[in-house]
Amino acid sequence: MALPDEQVRLQVEQDDAIAQALGAPERVAILRALVNAAEPLSLNTLAVSIGLDATTIAAHLSALGDVGAVSRSGDADDTYRLASTPLARMILGMLASPSAEDADPRSNRGILEALLDQLPNGVAFYDTSGVLIRVNPAGERITRRPPIPGETQEIRLSRYEMRRPDGTPMPLDESPSGRALQGEVVSRMECIIDGQHGRDTWLRCSSAPLRDERGAIQGAVVIYDDITDERLLTGEEAHQRALAAAMIEHTFSSMAVFDVSDAFRCVRHNDNFLHLMDSRFEARGSVVGVPLDELFEGDSLAQVREIYERVRATGEPYVNYEFSVEVPPESRRWFRIRLTPVRDESGTIIGLLMVVFEITELVTARETSRRHANELSAIIEAMPEAVMLAERNGHVVLSNSAAMRILGHVVTDFPARDSGATFHSYSSEGRRLDPKDLPLNRALQGETVVSQELVYQRNDGTRIDLLTSAAPVDLDDTGQITAAVAIFQDISRIKELERQRDDFLGIAAHELRTPLATVLATLQAFLRRIQKNPGEQAIAPDALVSGLERMYRQSQRLNKLVSDLLDATRIRTGKLIYELEPCDLVQVVSDAVAGQVAANPDRAITLTLPDESVMVMGDGFRLSQVVDNLVSNALKYSQADMPVTVSLKVEGQRAKLRVADKGVGIPPENIKQLFTRFYRVPGIDVQSGAGVGLGLGLHITGSVIERHGGRIKVRSTPGKGSTFLVSLPLLEDTGQPET
Ligand code: ADP
């Protein structure tokens, strides 16, 4: 619709004027104040209520006067009112009436109205003097009294008979609305009002002051719930509730209830639960309302959420006695957790109860002690000594594999004091040991035994020498001896060496003294004769020759003994020098055998040699020592009338030397040790000739052969004789192992 020019101009001018009048927020405030006030306002009142200085307000007032929005109420004073121009009326309409927006149900006001109607909580608004302006339907229902508009706070309080929880009357300034009007924000304060039918109604109220843009209190709002059912529990219920609350608060576990929304928010928890959480929550003092994904993070969140969802879906409680959670960067925490659904009367799951107990210390302590136990048993297991730990009753609770090896069987029970039946032991002198003298038994009596030697008889009858130590143990830290530990060391080898050393010293002394005695006796006889017949030929030439020959032979024996001793020492220290060069074994063997034939003219020694020379890379002197030793042993350990046969031949790439006798022979179990130093087969005596031997000949022989890349084998039958077979690589094939 087209407007006449005049009207269009007026409209535009008015729009301009409105824009100018409303151009600044201060002007809108001035106009609002004038609209709301029933009578004209002074410049100062306006300045104070808007919170600006009078000069600024005066400037805005004059601008508003210019466009005809305000006018002075009288010429003389500084009092203003809204002008009575069309523009002023228009502005008045805009500021006073609810806008089109306000009338829309989707607007803030519309939403607020709907909310107030639907809220289950009571909501009441008061003006600055405490007069009830409005109460929502729930509020009316809860107080069971229709509001009396304009009713003062004082009258209302007495009408409701408002009391404190202890029953005493509630003074005005202590009531929720009273406190809010004094500027306080009140949270969950409880009070009683006299309900109808002689029944008290318990209210839980929260309240807050209502302030305008400048912060001035313009009223108060009180929100309240009826908690009568909760408060007026029967004695038994209250008792149960108190017990449950005490249990929750004082249990060692952490407890929390979560809702079953997808966020799984915490609805309630005890203090322990807070301590369990991140310190940021501890500082907050509560995690009520906090969703699961804020309580946990990363992998653990996924883990926990999965459990919550499963329990919510299945209704089956979840229990885990060792639930572990990774704590970045590198540690872990362990928990015993139980998540149980909480159901209402109809069986619907309304929450999830989480009970948690942290067991990190327990788990770490267990891991540490398991680790220590592993380390300890590894050490014990690796020990060459036998270790046994026996309890008071003699039951063996710990033993290592060395114990099994040394004692010959698994010892499960160590004889207590009164029985020695299973642990046959003897003193070093061979006397049967009284069980009470056994180291472990002595330790069980409180004694510490250090290095006791004893002889132990295995179940198979063999005896070994043991060096044992034992000590009492207080396993339970009670100050009582509850067990004893014993360590056994097999010292049979050391004992054997000691015996060998003693034998050796005896034999060596005897072996050295015998030839020496002959030499001394011969020399003494010669000397006496010369002294008796000075200047004459005191000794017949025959006697002189045979005496010298005797002395020479005995000196040779002495020399051989001393050389063998030296050689054995050199072998041990790796200092036996070999001069290797091509040498003919035929020559070596025939020379050595010839020497033996000359020294033992009465013995039958047969020698078989190949026609051609047998060349090996070797030390001629040492190789002849080998032949000497083998032939002299063959002679020594067989009767004087028994033959000794020596043969040399070539087989394939090897030279084979064979020395055989028909003597005492060697028991098979002793053959292996023949080549060890100072070893002499027990019970075998020299059958002919002189000299017991130091047990060095075969040791040196074995070492020389080994050094030449050869092998030595022994075949022997006790009572029938022995054959020693030596195989050496031929010169072309030096160093090749025997096939
Ligand atoms: P010994 O000087 O004692 O003979 P050996 O080292 O030559 O030392 O020999 C070691 C032991 O081997 C001897 O004591 C002996 O008991 C045994 N033995 C060596 N050769 C023979 C053999 N031909 N017949 C029987 N026993 C032998």
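The values are calculated or read from the model by the stated rules, or taken from the named source; none is laboratory data. Note that the coordinates shown come from a computational prediction; the quantities given were computed from them, not determined experimentally. Every residue, glycine as well, gets a Cβ built from its backbone with ideal geometry; the counts of neighbours run over all protein chains shown. Surface accessibility is based on the protein's heavy atoms, side chains included, excluding ligands, DNA and RNA. Shrake-Rupley method; radii C 1.70, N 1.55, O 1.52, S 1.80 Å.
Restrict the check to region 502-519 and report whether at least one residue is within 30 Å of Ser469 (Cα to Cα) and in a helix (DSSP H, G or I). Yes: region 502-519 contains one or more residues that are within 30 Å of Ser469 (Cα to Cα) and in a helix (DSSP H, G or I).
Out of the residues in region 457-496 that are aliphatic (A, V, I, L, M) and surrounded by fewer than 16 Cβ atoms within 10 Å (Cβ to Cβ), which is farthest from the chain's Cα centre (by Cα)?
Just the residues of region 457-496 that are aliphatic (A, V, I, L, M), to begin with: 464, 466-467, 470-471, 473, 475, 481, 483-487, 491, 494.
Add one more test, that the residue is surrounded by fewer than 16 Cβ atoms within 10 Å (Cβ to Cβ), and what stays is 475, 494.
Details: Leu475: 23, Ile494: 42 Å.
Here the residue is Ile494.
Contact annotation: residue pairs with Cβ atoms under 6 Å, 6 or more positions apart or on different chains, pairing a residue in region 507-522 that is more than 17 Å from Gly695 (Cα to Cα) with a partner that is open to solvent by 50 Å² or more (accessible area, probe 1.4 Å), are Pro515/Arg557; Thr522/Arg550.
Out of everything in region 684-722 that is part of a strand (DSSP E or B) and buried (at least 18 other Cβ atoms within 10 Å of the Cβ), what residue ends up being nearest to the ligand (Cβ to nearest atom)? Working first, answer last.
At the first step, the residues of region 684-722 found to be part of a strand (DSSP E or B) are 711-717, 721-722.
Filter again for buried (at least 18 other Cβ atoms within 10 Å of the Cβ), leaving 712, 716, 721-722.
Numbers: Ile712: 11, Ser716: 7, Gly721: 7, Ser722: 4 Å.
This residue is Ser722.
Screening Thr448 against (1) in contact (Cβ under 8 Å) with a residue 40 or more places away in the chain; (2) open to solvent by 50 Å² or more (accessible area, probe 1.4 Å) leaves a single unmet condition, (1). Tell me, yes or no, whether region 662-674 has at least one residue that is more than 9 Å from the ligand (Cβ to nearest atom), more than 23 Å from Tyr578 (Cβ to Cβ) and over 60 Å from the mean Cα position of the chain (by Cα). Taking every residue of region 662-674 in turn, at least one turns out to be more than 9 Å from the ligand (Cβ to nearest atom), more than 23 Å from Tyr578 (Cβ to Cβ) and over 60 Å from the mean Cα position of the chain (by Cα).
The residue that is most open to solvent (accessible area, probe 1.4 Å), among those in region 652-683 that are aliphatic (A, V, I, L, M) and either assigned to a helix (DSSP H, G or I) or under 24 Å from Val562 (Cβ atoms) (or both), is Ile671. Residues that are among the charged types (D, E, K, R) and under 59 Å from the mean Cα position of the chain (by Cα) were ranked within region 170-188; the one that is surrounded by the most Cβ atoms within 10 Å (Cβ to Cβ) is Glu184.
Kindly indicate whether any position in region 615-632 is near the ligand (Cβ under 9 Å from one of its atoms) and more than 30 Å from Arg553 (Cα to Cα). First the steps, then the outcome.
First pass over region 615-632, keeping only residues near the ligand (Cβ under 9 Å from one of its atoms): 629-630, 632.
Keeping just the survivors that are more than 30 Å from Arg553 (Cα to Cα) gives none.
For region 615-632, residues near the ligand (Cβ under 9 Å from one of its atoms) and more than 30 Å from Arg553 (Cα to Cα): absent.
Within region 584-595, is there a residue that is over 21 Å from Leu728 (Cα atoms), without any contact (Cβ under 8 Å) to a residue 12 or more places away in the chain and more than 16 Å from the ligand (Cβ to nearest atom)? Looking through region 584-595, at least one residue is over 21 Å from Leu728 (Cα atoms), without any contact (Cβ under 8 Å) to a residue 12 or more places away in the chain and more than 16 Å from the ligand (Cβ to nearest atom).
Please find, among Met277, Met354, the residue that is at pLDDT 85 or above and within 17 Å of Thr251 (Cβ to Cβ). Before the answer, list the steps.
Values: Met277 fails: at pLDDT 85 or above.
Sole residue among the options that is at pLDDT 85 or above and within 17 Å of Thr251 (Cβ to Cβ): Met354.
Taken over region 633-651, the criterion of being closer than 19 Å to Arg603 by Cβ and either within 8 Å of the ligand (Cβ to nearest atom) or surrounded by fewer than 16 Cβ atoms within 10 Å (Cβ to Cβ) (or both) is satisfied by Asn633, Ala634, Lys636, Tyr637, Ser638, Gln639, Ala640, Asp641, Pro643, Ser647. Of the residues making up region 283-300, just one is under 15 Å from Ala256 (Cα atoms), touching a residue at least 24 places away in the same chain (Cβ under 8 Å) and of a type in the set (Gly, Ala, Ser), namely Gly289. Of the candidates Glu361, Glu330, the single residue that is closer than 29 Å to Val304 by Cβ, exposed (fewer than 13 other Cβ atoms within 10 Å of the Cβ) and at pLDDT 90 or above is Glu361. The set of residues from region 202-240 being modelled with pLDDT under 85, surrounded by 11 or more Cβ atoms within 10 Å (Cβ to Cβ) and hydroxyl-bearing (Ser, Thr, Tyr) comprises just one member, Thr228. Give the residues of region 481-500 that are among the charged types (D, E, K, R) and without any contact (Cβ under 8 Å) to a residue 12 or more places away in the chain, sorted by residue number. The answer is Arg493, Glu496, Glu498, Arg499.
A quick yes/no check of all residues on (1) part of a helix (DSSP H, G or I); (2) closer than 15 Å to Ala256 by Cα:
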{"residue": "Phe281", "(1), (2)": "yes, yes"}
{"residue": "Ala302", "(1), (2)": "yes, no"}
{"residue": "Arg310", "(1), (2)": "yes, no"}
{"residue": "Ala313", "(1), (2)": "yes, no"}
{"residue": "Ser324", "(1), (2)": "no, no"}
{"residue": "Trp334", "(1), (2)": "no, no"}
